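For reference, the structure is listed below as structure tokens.
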Amino acid sequence: MPYPIESEQLTTADLANVANARERQQDAENEYNGKTRVSDEEHTGPLLAHEFSDDMRVQWDKIQTGFVDDPQVSVQQADELVAAAIKKLAESFAEERSKLEVEWSKGKNVSTEDLRQALRRYRMFFQRLLAI
């Protein structure tokens, strides 16, 4: 099933505005705590589901093909497609965190292994993001 671009058009600027507030808070925390270095690790594996990625590639091909007829629309659609991919990625991390928070709110202990895997996934993504 294709992943349509939402009717409420999301742009990379929208995502940046939300991220800016978080970034300022994180910068203050990093300054206070000092920057920690994470060891290099191989960054493999997809960040998004294959079906979603395949659909996004198909949509990209259509956008790129349409550039000849309407470059401005193609650039707008490209921005929306990138924003949709970023949103989907953020949702996957939020869903993972939500699952952990549900366990915490029930007073249950989340296993150290589950927490280690979650942190590992964040670290791998973060390192990949900075390497781009």
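Take the conditions closer than 21 Å to residue 118 by Cβ and over 19 Å from the mean Cα position of the chain (by Cα) and apply them to residue 98. Does it pass? Give the derivation first.
Numbers: closer than 21 Å to residue 118 by Cβ: yes; over 19 Å from the mean Cα position of the chain (by Cα): no.
No; evaluated as a whole, the condition is false for this residue.
Whether a residue is more than 13 Å from the chain's Cα centre (by Cα) and of a type in the set (Ser, Thr, Tyr) was assessed, and residue 111 passes this test. I'd like to know if the stretch 33-42 contains one or more residues that are over 21 Å from residue 131 (Cβ atoms) and at pLDDT below 85. Looking through the stretch 33-42, at least one residue is over 21 Å from residue 131 (Cβ atoms) and at pLDDT below 85. Criterion first (touching an Asp or Glu at 6+ places or on another chain (Cβ under 7 Å) and without any contact (Cβ under 8 Å) to a residue 40 or more places away in the chain) does residue 94 satisfy it? Considered against the rule, which asks whether it is touching an Asp or Glu at 6+ places or on another chain (Cβ under 7 Å) and without any contact (Cβ under 8 Å) to a residue 40 or more places away in the chain, residue 94 comes out as no.
The residues of the stretch 111-121 that are surrounded by 14 or more Cβ atoms within 10 Å (Cβ to Cβ) and under 16 Å from residue 46 (Cβ atoms) amount to a single one, 121.
The values are calculated or read from the model by the stated rules, or taken from the named source; none is laboratory data. In this text, all values refer to a predicted model and were calculated from it rather than measured experimentally. Note: ideal-geometry Cβ built from the backbone for every residue, glycine included; neighbour counts use all protein chains shown.
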